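Since the structure comes first, as structure tokens, the remarks are kept for the end.
Computed from the coordinates by the stated procedures, all read-outs in this text should not be read as laboratory data. Please read all numbers here as calculations on a predicted model, not as lab measurements. Heads up, the Cβs are rebuilt from the backbone with ideal geometry, glycines too, and the neighbour counts pull from every protein chain shown.
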Amino acid sequence: MTSHPLAYPALHASHAGIWLASPDGEVREVAKGEAIAIAAETPVILLNAPLTGQRLGYPELSGLDLLELFAFIHPARFMVPTPGGLARALGIGTEPPEDRDSARLYLIAAQKLLATLDDSDWPEREGAWTGAQSLYRLRWPWGAEIAQRIAKPERGERWLFSRLAEWEEKPPRPAPRTVVSAPEAAVDRLTDLTGSSAELRTGQQDYARATSAVFAPRKARDQPNMVLAEAGTGIGKTLGYLAPASVWAEASGGQYWVSTFTKALQRQLARETRRLYPDEASHRAKVVVRKGRENYLCLLNLEDATQGGFAGRAAILAQLVARWAAYSRDGDMVGGDLPGWLPTLFRRAGATALTDRRGECIYAACPHYRKCFIEKSVRASVDADIVIANHALVMVNAARGREAATRPTRLIFDEGHHLFDAADSMFAAALTGQEAIELRRWVIGPEGRSRGRRRGLAARLGDLASYDEAGARAIAAAVTAAEALPSDGWLQRLQENAAFGPLEALLAQVRSLVYARDASASRSQADAGYGLETEIAEVPGNLIDAAATAANALEAIHRPLVQLGKRLEAVIEDAPDWLDAQARARVEGALASLAWRIDTLSSWIALVARIGGPADPDFVDWFALDRSDGREWDAGIHRHWLDPTRPVAEIVLKPAHGVLMTSATLRAGGGWDGADARTGAVHLDQPPIHFEAPSPFDYARRSEVLIVTDIKRGDLPALAGGYARLILAAGGGTLGLFTAIRRLRGVHARIADRLAREGLPLYAQHVDAIDTGTLVDIFRDDPHASLLGTDALRDGVDVPGHSLRLVVMEGVPWSKPTVLHAARKLAADGSDYDDRQIRARLAQAFGRLIRRRDDFGQFVLLSSAVPSRLLNAFPEGTPIRRVTLDEAAEAVRTFAPSPVETRVESG
């Protein structure tokens, strides 16, 4: 078709200024007011409209966003969403352009992207014409430009759902054969993976030998071969455990799961396994990445969204996601090949509604069941040798008895120091307003003008009710009883003392007591708005009475759901004529979902029964009011295990034949006793094997720790000034870590413009309208950029090389004094519990700095009082100095590491 020249200006805004390029390429700097006026009247070409609007102070900014255009033309392709990243992705430049040149670059990029539509070799052509017509009808800003450039195909394009491949049912995997793998076989495999010409790494070889014990035959029931291995950064632990694991899998025909805590490590592991299976087809068959259901695109939700279920910007997002779904490797929307920046362009409008986040899957009743991304992942994992999962999924499957027939006998927990935290979240119970209203909607269905296909029990199991009278009565009783749960507007009613129903009445009493016992009445305005909590102790009589009434209401819901579960089991055991294979699969799916809700209700009933009664020494219970920026958003009752590794030991560790727990900070700055306790090994009859491989990096020559002593705690302007001077001294390449979002935002607001004028971009979590994974990609991509963040960046970032050469922490990462923390500290008998946690956080943060042999950098703590007892968190031999800010800035500016010596082992 005929291409038409673009007649639109391009706009680029950064903290350093705002530039406008006319259609003929002339660039000039403009003020915010003029930029807003032009953008409001004329469609402008830009990159990342929400971020540009944020920098202009014009949050409703819209335009011809190049990221949206890229997502349409090249779905499932990676691109760093910056001017430099766009230029490299399109082959129109290699160096990041100057801010002034970015606006002109946008004009060139738009023309090049649109020219792709005429390219006969465009690999993502199929479905583009159909998608363009839908987007044009939705008035997508790029719709008219694309529609006039894509010729209608001679033959009708296949519908998305007819293009996706179907999964096939496969028999259960046989149990692995009993074999004995010699440790030296693991070393030989390691040599194959690293290459015979690679530098000798004795630490990695010793690690491979030690972890081979995990794959020896188990000697007794409930006594797995367990190895706890602390491997310092640079040992190469990934290949160190993949070597013995792959030898065992080949010899035994068995399967092993590698579990991580972060999605970033899942992606990294998937890349590392290509050394085992370099052929793409073999890698697809042998390696499967597994995540929770809420990470994957739900095809039924997508169909509803593209057929009119979504409106406005959300409908445009749905069409772009449909384009991506046709080319996606696995349908993973969170950390997969969907660009992380795509949902943020739409301010998250509709993104979460495209996944299965509420357990409403109808399984075989879904018309897309045979093509479901989730089901494909589950079935692909049956034949895979390696399943790369996460701690939460491993525990969920074990706790709910899922996939018992194919449960792996060997488990590798990478990032093993996070197992305690993952278990703490997994096995917790929370009866809150938000959780209760979610259960109400699951039982009753949506109320009011709710969007989407959400349906209650009666709608989802209507055919069962028509065949089974007892099942129908159970459904009706559950729906009636669920009316007692909180409904829409519950929080406002609590605030107005107008609670409706027994559960809202209980939550109102909880909220009142939390405020009554709040010890922070004198807290500063800067700290106002944080959540409040109080122990469940000396509870007043009116709250005890409300708890008793609420318990009766919960039991009234629990009983019919249990009865319904029995009826579903009976249908499966004594199959009626109407129960074909498809119906059976749907009933089994409904039974699994029902079991989850029954377990939740059981935990709530036990939690409410605790109020006014004796405390259970195995648990920590408290009341809480959740607030953010001065706004209440939830209230409820919480229960955590005092030691969450106890259920882990029972349901995950004991059934396994071999378990490896490994990380660079497994001992959390303490001894092996602490590691045994935090991994659940202490609850096993057979003690674990302990192994330590210190990092081979020369920290004495390549790194330095600076403790800045003249910034007063709580002085935000001084803190911001410290960050600015250090980032300027380093020339960017700085990761700034905070323990409070409020201080992070305050520092960013004070220094971002100043740094940008020096050519040093500053990005920040909780500030920039970009997801965390994309922020890390941008940071990694530009050695002049710096990034501010919180806990998620403390040990979830892998940025080797010059892009990360300085880590700055706002102070000692002390633990927040919560009810739960106080209880665990008391049980641990002393302040050493705090010290271990702090040393672990410091070690994890320092570990971001040196990721490979030729890395170098400095670690700065902006704290006037760092106890000496915490300094052993840093690797042995690391220089540590207490200095003023002036001295620190000069040290950063002049830091020159010693040359790398060839004897130092690489990572």
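Here are a few things to note about the model shown:
- Between the entries (1) 13, 42, 34, 10, 1, 0; (2) 13, 42, 40, 6, 0; (3) 13, 39, 32, 13, 3, 0, the label attached to P(r) over Cα pairs in 20 Å bins from 0, in percent calculated for this structure is (2).
- Those trypsin sites (Lys or Arg not before Pro) in the stretch 474-519 that DSSP places in a loop and that have at most 14 other beta carbons within 10 Å: Arg517
- Residues Leu775, Leu164 in ascending order of nearby Cβ atoms (within 10 Å, fewest first): Leu164, Leu775.
- DSSP-loop trypsin sites (Lys or Arg not before Pro) across the stretch 260-340, with at most 15 other Cβ within 10 angstrom: Arg329
- Taking every C-alpha pair closer than 8 Å and separated by at least 6 residues, the mean separation divided by the residue count of the stretch 284-430 gives a relative contact order of 35 percent.
- Longest site-free stretch - the chain; sites: GluC sites (Glu not before Pro), DSSP loop, at most 10 other Cβ within 10 Å: 539-875
- Helical mean residue ellipticity (222 nm; -39500 (n - 2.57) per DSSP H run of 4+; nearest 500) of the chain: -13000 deg cm²/dmol
- The stretch 655-664 - phi-based ³J(HN,Hα) in whole Hz, Karplus 6.51/-1.76/1.60, Gly and Pro as x: x, 6, 8, x, 9, 10, 10, 8, 5, 7
- Annotation: the residues Tyr467, Tyr58, Tyr106, sorted from fewest to most other C-beta atoms within 10 Å of their own C-beta, follow the order Tyr467, Tyr58, Tyr106.
- Under-5 Å amide H pairs with Ile388, H placed in peptide plane, nonlocal only: Val258, Val288, Val289, Arg290
- Each residue of the stretch 760-765 was assigned a 3J(HN,Hα) from its phi angle through the Karplus curve 6.51 cos²θ - 1.76 cosθ + 1.60 (θ = phi - 60°); the sequence is 10, x, 10, 10, 8, 4 Hz, with glycine and proline shown as x.
- Computed over the stretch 432-641, the range of Cα coordinates on each principal axis works out to 69, 40, 27 Å, biggest value leading.
- Sequence of Ile611, Ile45, Ile689 once ranked by neighbouring C-beta atoms within 10 Å, starting from the fewest: Ile689, Ile611, Ile45
- Separation between Cα centres of the stretch 837-882 and the stretch 615-640, rounded to whole Å: 34
- In this structure the amide hydrogen of Gln255, modeled in the peptide plane, comes within under 5 Å of the amide hydrogens of Thr409, none closer than 5 places in sequence on its chain.
- Entries of Lys152/Lys371; Lys654/Lys816; Lys219/Lys376; Lys263/Lys371; Lys286/Lys654; Lys237/Lys825 with Cα pairs more than 30 Å apart: Lys654/Lys816; Lys219/Lys376; Lys237/Lys825
- The relative contact order of the chain comes to 14 percent, based on Cα pairs under 8 Å that sit 6 or more residues apart.
- Cleavage-rule hits, trypsin sites (Lys or Arg not before Pro), the stretch 77-168, DSSP coil, Cβ neighbours within 10 Å at most 10: Arg155
- With a simple spin-label model that places each label point 7 Å from the Cα along the Cα-to-Cβ direction, the separation between Gln111 and Asp580 comes to 5.9 nm.
- Per residue, the average separation of C-alpha pairs within less than 8 Å and at least 6 apart gives the stretch 432-641 a relative contact order of 26 percent.
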